[in-house]
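**Q** The structure is given below, and queries will be raised subsequently.
The values are calculated or read from the model by the stated rules, or taken from the named source; none is laboratory data. The model shown is predicted, which means the values in this text are computed figures rather than measured ones. Because the Cβ atoms are built from the backbone with ideal geometry, glycine has one as well, and the counts that use them run over all protein chains shown.
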Amino acid sequence: MIILGIETSCDETAAALLEQTKKGIQILSNIVTSSASLQAKFGGIIPEQAAREQIKSIMPVIAEALAQAGIEPNQLDAIAVTFGPGLIGSLLVGVETAKTLAQIWHKPIIPVNHLLGHFYANWINPEQTPTFPCVGLLVSGGHTDLVLFDSHGKYKYLGGTRDDAAGECFDKCARLLGLPYPGGPEISKLALKGKDIYKLPRPMTDSKDLDFSFSGLKTAVANRVKGSEFNPVDLAASIEAAIVDVLVSKTLTAATGYGINQIIVAGGVAANEKLSEEIKKAFAGKVFIPPPQLCTDNAAMIASAAFFIKPIKDLFQLQANPNLALAY
Ligand code: KG4
Ligand code: ZN
């Protein structure tokens, strides 16, 4: 079975071809283009500009994905597309393109929730894939969520951020340090040479629930930057250590609380090496984290999720939903 995945929820335009065989799910091609460097000039994403870039890129990216895989449209079994959450202008480009191609090529269409899609990057691995039950930690630019998966499509929301997401905290702290967007990789690079000496807060690690809060950490960094002299390299290491500590602590609380011996991590922040190291060190069970290029937004994860989701009956029912939640 071969699926074309399309992802346009934010500033990445992505298309991928994945094949499911007895050996598992494999990537035939995986194309991602991004307007991030254009957005970086403004310190963040301008939705209108992101949408305009999506329109320019979508067809060339899909054509490239098909060409690299050596697949003709008539060999496709389905088209999978992200229908939310995200920026409405960006989402519309992917959804309407997918609907049009599905009509022309007479293919079924599979709508994929972007947040759920992130977790499915962990299923793109012919050697070993997660089994159920497992605890999922989603850490992206807009989300920090803990979920308990019972099976494909059956999951329970355990907790999430009450304010900023982990990636947003990385991005906002990076901006305070004068680093470009996206800030996560920049802080992480700087942190390699630094030490965690600034004693930044680890918000809500003592609370009984599975919620997160990162805005206080950002405020603490803002105060530190405004205050006396500081060493940016050590401050970057301190920011990274504080965010990673909170994520590891809450995820372990969730896993032990529910008696689960498998954790799956997903989303852009899952590309963070320190998070990967610390969570593997702290957890006695199995930890799945996708390779970095499958953590940040891509269409391979969307196609991967689609192998476990039924096609929509009437494609005209499919609408982009910018506010789609993880549990829907
Ligand atoms: O999942 P993603 O690509 O897009 C969303 O769906 O939001 O996540 C983007 C987020 C950004 O906040 C970015 O700074 C963060 O992921 N990120 C990282 C790293 N790579 C990307 N954060 C920390 N360390 C990284 N290596
Ligand atoms: Zn994402």
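**Q** Quick check on this structure: which one of Leu247, Leu326 is crowded, with 18+ Cβ neighbours inside 10 Å, modelled with pLDDT under 95 and farther than 25 Å from Ser35 by Cβ? Please lay out each step first, then the result.
**A** Details: Leu247 fails: modelled with pLDDT under 95.
None of the other options fit; the residue is Leu326.
**Q** Ok, one more. Of the numbered conditions (1) buried (at least 16 other Cβ atoms within 10 Å of the Cβ); (2) aliphatic (A, V, I, L, M); (3) touching a residue at least 40 places away in the same chain (Cβ under 8 Å); (4) outside any loop (DSSP other than H, G, I, E, B), Ala220 satisfies every one except a single condition; which is it?
**A** (3)
**Q** Given the residues Gln49, Gln68, which is the only one that is of a type in the set (S, T, N, Q), at pLDDT 95 or above and not in a strand (DSSP E or B)?
**A** Gln68
**Q** Additional query: Kindly list the number of the only condition in (1) within 16 Å of ligand 2 (Cβ to nearest atom); (2) crowded, with 21+ Cβ neighbours inside 10 Å; (3) over 16 Å from Pro290 (Cβ atoms) that fails for Ile88.
**A** Evaluating Ile88 over (1) within 16 Å of ligand 2 (Cβ to nearest atom); (2) crowded, with 21+ Cβ neighbours inside 10 Å; (3) over 16 Å from Pro290 (Cβ atoms) leaves (2) as the failure.
**Q** A follow-up question, please. Suppose we keep only residues that are free of Cβ contacts under 8 Å to residues at least 60 places away in the same chain and part of a helix (DSSP H, G or I) within the range 1-38. Which one would you say is farthest from ligand 1 (Cβ to nearest atom)?
**A** The selected residue is Leu38.
**Q** Please name all residue pairs, on different chains or six or more residues apart, with Cβ atoms under 6 Å, provided the first residue is in the range 177-188 and is under 21 Å from Lys226 (Cβ atoms) and the second residue is more than 15 Å from ligand 2 (Cβ to nearest atom) and among the acidic types (Asp, Glu).
**A** Correct list of pairs: Leu179/Glu186; Ile187/Glu240.
**Q** Looking only at the range 296-307, how many residues end up being surrounded by 24 or more Cβ atoms within 10 Å (Cβ to Cβ) and either within 13 Å of ligand 2 (Cβ to nearest atom) or not in a helix (DSSP H, G or I) (or both)?
**A** Total meeting the criteria: 8.
**Q** Next up: Does at least one position in the range 26-38 carry a residue that is modelled with pLDDT of 95 or more and more than 14 Å from Ala299 (Cβ to Cβ)?
**A** Checked against the condition, which is being modelled with pLDDT of 95 or more and more than 14 Å from Ala299 (Cβ to Cβ), the range 26-38 yields at least one hit.
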